[in-house]
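The values are calculated or read from the model by the stated rules, or taken from the named source; none is laboratory data. Predicted, not measured: the structure shown is a model, and the values here were computed from it. Virtual Cβ from ideal backbone geometry, glycine too; neighbours counted across all protein chains shown. Keep in mind that these areas ignore ligands, DNA and RNA; they rest on the heavy atoms of the full protein, side chains included. Shrake-Rupley method; radii C 1.70, N 1.55, O 1.52, S 1.80 Å.
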Amino acid sequence: MMKRRVLLGSTLCAATIGSSRAQPTAPMPQNVVIQAPPEPLVWPVVAKLQPGIRSFAGHTDTVPDIVGRIGTPPSLVIFTEGNHLMVLLSDDIVGAFPSWAKSQPQYADLDLDNMVVVTVPQPVVVQMIRTGGIALGNLTLDVSRKSGLYPDIVMAGPDPLRELRKFGAIEPEARFFSRNRGPALLVRKGNPLGIHDLTDIPRTGARIALPDAAEAGARARYRATIDGLIGKSAADAVFAAEVPTFPGRIGIVHRDLPEMVARGYADVAFTQYHLISYWTRIFPKHFELVPVSSAERFFVKIALGRVVDPLRLRALRAFDEFFFGRARDVYPRYDFARMNDDEYGATLRLD
């Protein structure tokens, strides 16, 4: 697929150059090099693929936000924001859960062969459950108890969980399990503009990528964070350098931020430290992380909520026990903050 796009891109470039030659133009200097636009980022596949099954791997042919098999009964369904997917979907959590369950007499008989995890922005998590569906191009997935694609667990921040509680989808209490390290800056490899702080963005004429109204909660939080870090006047200058969108998008969410930097639509992006750390690990030739001084005080916590009358109660109970037995130690390995005794597992009341 990638080779085909390169071939098509080369053919289109050749056609464009050929067309331009038919027009009366000034001679092109011999030392000018025509550069093709950078390739889009190709996100790694996090699911364990079965031998012989064809996989659409690339940019537009990838569905990165739903992990698991649709069409066969799920063993457990988790709906969550994508902020912590690098931990949740790792061999330390989802990868280790089935073998742990087999070692526990009370859960040894559970079939955990098809765990389905949906990792979309939090407003979309709420909307999927409320409206009963989500469309992926021409395909609409039925999100309902009848279809089986319905969560047993929802992981999110306090506000989305409270929204779900208002229409009775989840239980009245959730429990916190992670706290991030606040935001940082994402720049191109080598940091060509020399951006070392938020105030360097307007000074250098850099263009910044930020989440837009598609993630309204994140947008407001980032605005308050930047105001708190450098003051309102300097924050106004940073937001004045924002790139509002880029081709092919109707809204900017977290995964779009590295795409914008990689393809030259923006010079820097501002988002959570652990996300940027993850992107620098999976795309080491593209990016660097620039810490922001005092940013850790602008942290965000995530909680686990249990769905009312879950379809897979024993699997939910098993995962809850397994998860809270290890998440406190696992999340810091992925550049989250370590929670103290009062924070970890603390109750979040939703009513």
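Among the chymotrypsin sites (Phe, Trp or Tyr not before Pro) in segment 258-351, none is located in a DSSP loop while being surrounded by at most 10 other Cβ atoms within 10 Å of its own Cβ. Normalised per residue, the accessible area of segment 168-287 is 39 Å², obtained with a 1.4 Å probe and no contribution from ligands, DNA or RNA. Segment 75-108 and segment 172-234 have Cα centres spaced 30 Å apart. Between LEU139 and ASP351, full extension at 0.36 nm per residue minus the direct alpha carbon distance yields a gain of 72.8 nm. Taking 7 Å steps out from each Cα toward its Cβ at VAL308 and GLN106 produces label points 2.5 nm apart. In the context of the full set of protein chains, segment 122-161 has a per residue accessible area of 46 Å² (1.4 Å probe). Note: relative contact order over segment 226-306, using C-alpha pairs below 8 Å and six or more positions apart, is 19 percent. Checking every one of the chymotrypsin sites (Phe, Trp or Tyr not before Pro) in segment 83-172 against DSSP loop status and a limit of 13 other Cβ atoms within 10 Å picks out PHE167.
For the pair GLU343 and VAL45, what calculated FRET efficiency results from E = 1/(1 + (r/R0)^6), where r is the Cβ-Cβ distance and R0 = 22 Å, to the nearest 0.05? Rounded to the nearest 0.05, the efficiency is 0.10.
Pairs exceeding a 27 Å alpha-carbon distance, out of LYS232/LYS285; LYS232/LYS301; LYS48/LYS102; LYS189/LYS301; LYS48/LYS301: LYS232/LYS285; LYS189/LYS301; LYS48/LYS301. What a 1.4 Å probe finds exposed on segment 207-351 is 51% carbon and sulfur by accessible area, rounded to a whole percent.
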